[in-house]
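The values are calculated or read from the model by the stated rules, or taken from the named source; none is laboratory data. The structure displayed is predicted, hence computed values, not measured ones. Heads up, the Cβs are rebuilt from the backbone with ideal geometry, glycines too, and the neighbour counts pull from every protein chain shown.
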Amino acid sequence: MKASGTTIGRQRGSMGNKDKAAGTAGLTEGAAAKKEPEGKEPNVKASTASAEGVGPEDQDRDFSYTQNREISWLRFDDRVLDEAFDESVPLFERLKFCSIFESNLNEWFMDALRPREEDEAMDLYCGAGTFTLPLARRASFVSAVESYGPAVRDLRRNLESAGLGNVDAVGGDAGREFPDTDADLIVVDPPRAGLAEDVVRRLSDQPARAIAYVSCDPATLARDLARFVDGGSFRPALVTPVDLFPQTFHVENVTLLVRS
């Protein structure tokens, strides 16, 4: 539903016959016309959220439903392990976030990566911080990159709510905003398109002891794993498929890569 420029309101009362004849628009029974501000519908707040990154409109949004001329949004709270999360989800997208799955996946990640207090971690395509927050509680520092504007805002809000100050939350493309750091542990959770070839190369140049890769497309995962192997720095040690969307062809795969 798109915001309309038409004034939405309700007028109460009746027009007298003389007013009708004279063509006046007043209400003769003393009931004032009740109108909402121009361009808005009752109980709907306008949003200028951008999908391109974080801009001047970066501010707290304390409502559960909002809309603009392009996208309608659903906002909800969730909990993964001991972390509370805010999520902003486009209504037209499949609702991927599932607290049980994410909790189990976080346990898998922590067991596989075994972060240490002195570790520096990197979380690319980090979303609202599903893996960022647990890593930040176990490692010394986390560099987190996410290109989706609303998710970046949620990430910063979640970090503030959790009282975590050891995360550098960056809004932007993972390739262009690749952290200038030497990571001990890396987590990547890209969209179905997978990792850009340049991102694979830059990850392969990292001194990290392990990379955890969450994939929602087996074909692009296979391509990216082959690129890692060709790079000579990392090899897949464990691949675990997760049937997150039963009775569909979609399957999530979580992969642990270790140094070759």
Legend entry - Condition broken by Thr181, with the remaining ones in (1) buried (at least 20 other Cβ atoms within 10 Å of the Cβ); (2) within 26 Å of Ala196 (Cα to Cα) satisfied: (1)
Inset, instruction - Say whether the condition of being touching a strand residue (DSSP E or B) at 6+ places or on another chain (Cβ under 7 Å), of a type outside the set (D, E, K, R) and in contact (Cβ under 8 Å) with a residue 60 or more places away in the chain is met by at least one residue in region 225-235. - result: no
Inset, instruction - Scan region 104-141 residue by residue and report those that are modelled with pLDDT under 85 and either buried (at least 17 other Cβ atoms within 10 Å of the Cβ) or assigned to a loop (DSSP other than H, G, I, E, B) (or both). - result: Leu105, Asn106
Inset, instruction - Scan region 237-249 and give yes if some residue there is closer than 21 Å to Ala112 by Cα, surrounded by 15 or more Cβ atoms within 10 Å (Cβ to Cβ) and in contact with a Pro (Cβ under 9 Å, 6 or more places away or on another chain), otherwise no. - result: no
